[in-house]
Amino acid sequence: MTQNSFFRSKEDFILPSHPSNTPGILYVVATPIGNRDDITLRALNTLGHVDLVAAEDTRHTGRLLAHHHIKCRMTSFHEHNENERTPDLINRLKAGSSVALVSNAGTPSVSDPGYRLVKEAVINHIRVIPIPGVSAVIAALSVSGLPTDSFVFIGFPAKKKAKRLKQLKDLSGETKTMVFYESPKRILTFLKEIISIMGDRYGVLSREMTKLHEEFIRGLLSEILSSLNARPSIKGECTLLVTGCQENKEISIKTVRTEILKALEKKESKLSELSKIIAKNYGLPKNKVYDEALRLKRKMQREKHNTN
């Protein structure tokens with residue numbers, strides 16, 4: 001069976017009909033996050049039959065369409081021209097044209113351009129139809145081994161450091177699995193910031209998902225950081241999953257003992273103060289850390305006494 005045999009003919013494929021005097025339809029079409037074959041038949045049929053495809057990058061989308069033998073009219077629609085292009089697309093839709101909105105990867109308007117267009121379409125009573133498909137968030141969660149019954153999707157963290165650090169502090173008490181997107185250029189800095197604010201939690205870094213060099217790095221955030229630091233370069237968009245503070249307790253208490261011992265050896269702070277700092281970093285109850293610190297301090301004193 002040839003690749004093109006999956007398609008229905010123009011006559012057989014029917015987009016939802018509407019009277020000529022009513023607005024067209026805006027299709028929000030999910031596209032692959034890497035592997036070009038990760039696209040639904042419905043998405044391919046939609047892209048092949050709409051009047052216009054609004055693409056984040058027409059060259060990128062052009063390669064995807066060529067791979068699937070689809071020819072269509074395209075216009076660029078990205079974060080830098082979204083404001084000016086939205087009115088034009090709304091006018092086209094009002095005139096009865098059908099438009100497919102696509103981003104470079106995944107679902108438009110989810111950490112990608114499209115929110116303004118969808119919002120305006122809704123305001124103008126234009127029908128908006130989702131054509132679902134691959135999602136980096138769900139793909140990463142499904143193989144993470146972390147709790148998936150509920151999660152928090154943050155997307156790309158703030159670019160300004162002060163705002164980003166505040167964002168992480170606000171999330172430090174979150175009990176659900178957290179999902180971030182980050183650029184390979186900023187992932188090392190971002191990992192360091194999470195560790196400094198949330199503590200050395202367990203996480204999973206998904207890189208190059210569905211592509212040839214797909215990789216999942218699992219372990220404490222410090223271990224993920226060490227693995228990336230040892231590489232000459234880091235490529236591919238990253239999806240980072242971090243355990244919530246409740247799920248992280250069992251892992252953290254093992255790691256936190258090392259932190260307590262280091263602090264006790266330095267003798268820079270009182271027991272209550274260092275317990276407070278470590279508890280905050282690791283999302284643990286202060287009294288639990290204090291009890292552990294007191295136990296370790298007494299153990300160190302006994303060992304010192306026995307050696308004298």
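DSSP assigns beta bridges within the chain; of those with both partners inside it, close to 45 percent run antiparallel. Counting every alpha-carbon pair across segment 55-148, the share separated by more than 17 Å comes to 56%. Take the Cα radius of gyration of the chain and divide it by 2.2 N^0.38 Å, N being the number of residues; the result is 1.30.
Multiplying each eigenvalue of the alpha-carbon gyration tensor of segment 32-106 by 5 and taking the square root yields semi-axes of 21, 15, 9 Å, largest first, rounded to whole angstroms.
How big is D, in µm² s⁻¹, for segment 137-242 by Stokes-Einstein at 25 °C and 0.890 mPa s if Rh is the Kirkwood radius over C-alpha pairs?
Values: Rh = 13.8 Å.
The diffusion coefficient I find is 177 µm²/s.
Seen against the Cα atoms of the chain and their longest principal axis, helix 161-171 is set at about 80 degrees. Among beta bridges identified by DSSP and lying wholly in segment 22-134, the antiparallel ones come to about 5 percent.
Since every read-out is calculated from the coordinates, none of them should be taken as a lab result. None of the values given here were measured: they were computed from a predicted structure.
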